[in-house]
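Below is one structure; the comments refer to it alone.
The values are calculated or read from the model by the stated rules, or taken from the named source; none is laboratory data. Everything quoted here is computed from the prediction, not taken from an experiment. Note: ideal-geometry Cβ built from the backbone for every residue, glycine included; neighbour counts use all protein chains shown.
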Amino acid sequence: MGHSVGQVAGFAGITVRTLHHYDEIGLLVPGERTAAGHRRYTDADLDRLQQILFHRELGFPLEEVAVLLDDPAADPITLLRRQHAVLTARIGRLTEMATAVERAMEARKMGISLTPEERFEVFGDFDPEAHAEEAEHRWGSTEAYRESQRRAAARTKEDWQALTRELDEIHRAVADRMAAGDAPDAPGVTDLAERHRLFISRTSYPCDHGMHSRLGEMYVQDERFTATYDAIRPGLARYLRDAIAANEERERERERAANAVSTERGESGSSAP
């Protein structure tokens with residue numbers, strides 16, 4: 001005897017009700033019956049059920065499946081080849097979709113709302129995603145990092161291109177000062193360091209002079225940042241670090257001078273009649 005309805009449902013991962021429906025519409029009529037009239041499925045029936053399920057998975061309605069399987073010109077090998085071709089194409093498409101979703105997840109994690117092609121167009125050889133995990137590990141718990149992510153997520157490709165051009169202009173200006181032989185603490189160079197700090201504050205997160213100096217140290221200590229700056233001009237990472245430090249010292253001198261003036265005015269006021 002063949003297989004019972006329950007056994008076939010278990011084999012195929014479908015319900016008994018589905019098998020009853022296939023029988024009622026003539027799509028899969030069991031080849032055998034018991035003396036009591038119970039359905040029994042032969043091996044040939046199982047082959048047909050496999051074909052039905054293949055076509056259903058591919059999205060064919062039951063009426064079309066019946067026509068395909070009952071076509072006297074169709075043979076099992078032809079059907080399998082057709083299914084293989086369709087499945088292969090679907091696998092390729094799903095693989096592309098999975099890759100796109102992975103890239104979208106990376107972009108979301110990085111906070112950059114750009115396609116991979118747009119990010120390449122904007123950032124060139126520099127890959128911001130390569131630093132995303134480390135940045136989150138180092139600063140993910142800070143408000144500065146969260147603020148940077150919020151701002152980045154809202155930017156378009158045009159926004160990123162404009163910011164990249166502005167930052168490149170600052171870097172080139174610093175490199176030109178270095179090439180001209182200016183010391184890192186020269187007023188024009190420290191002005192550029194301050195412009196660099198203000199750029200970060202405006203575009204990423206509030207960056208005071210102390211944080212800016214810590215970033216400058218990272219440009220020298222992290223070989224990847226060093227390589228990025230030194231690709232503009234050899235030694236630029238260290239030169240920019242020194243200019244940033246000089247700019248912080250200049251700000252401290254201004255604060256000391258302002259405090260001294262304030263103190264002097266206070267003392268003058270207290271001694272007045």
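Restricting attention to region 226-247 and to residues that are under 27 Å from the mean Cα position of the chain (by Cα) and surrounded by 18 or more Cβ atoms within 10 Å (Cβ to Cβ), the residue that is nearest to Ala173 (Cα to Cα) turns out to be Tyr229. Taking Ile232, is it modelled with pLDDT of 95 or more, among the β-branched types (Val, Ile, Thr) and closer than 18 Å to Pro184 by Cβ? In short, no. Report yes if Ala246 is out of contact with any Phe, Trp or Tyr (no Cβ under 7 Å at 6 or more places or on another chain), assigned by TED's automatic domain parsing to the domain that holds Asp159, at pLDDT 90 or above and part of a helix (DSSP H, G or I), otherwise no. Yes: the conditions hold for Ala246. Scan region 43-50 and give yes if some residue there is assigned to a loop (DSSP other than H, G, I, E, B) and exposed (fewer than 13 other Cβ atoms within 10 Å of the Cβ), otherwise no. Taking every residue of region 43-50 in turn, none turns out to be assigned to a loop (DSSP other than H, G, I, E, B) and exposed (fewer than 13 other Cβ atoms within 10 Å of the Cβ). If the condition is being more than 20 Å from Arg56 (Cβ to Cβ) and either buried (at least 16 other Cβ atoms within 10 Å of the Cβ) or polar (S, T, N, Q) (or both), then region 23-38 contributes only Thr34. Taken together, the residues in region 1-22 that are touching a strand residue (DSSP E or B) at 6+ places or on another chain (Cβ under 7 Å) and either surrounded by 12 or more Cβ atoms within 10 Å (Cβ to Cβ) or in contact (Cβ under 8 Å) with a residue 60 or more places away in the chain (or both) amount to 5. Before we move on, is Thr190 under 29 Å from Thr156 (Cβ atoms), among the polar types (S, T, N, Q), assigned by TED's automatic domain parsing to the domain that holds Asp159 and assigned to a helix (DSSP H, G or I)? When the stated conditions are applied, Thr190 does not pass them.
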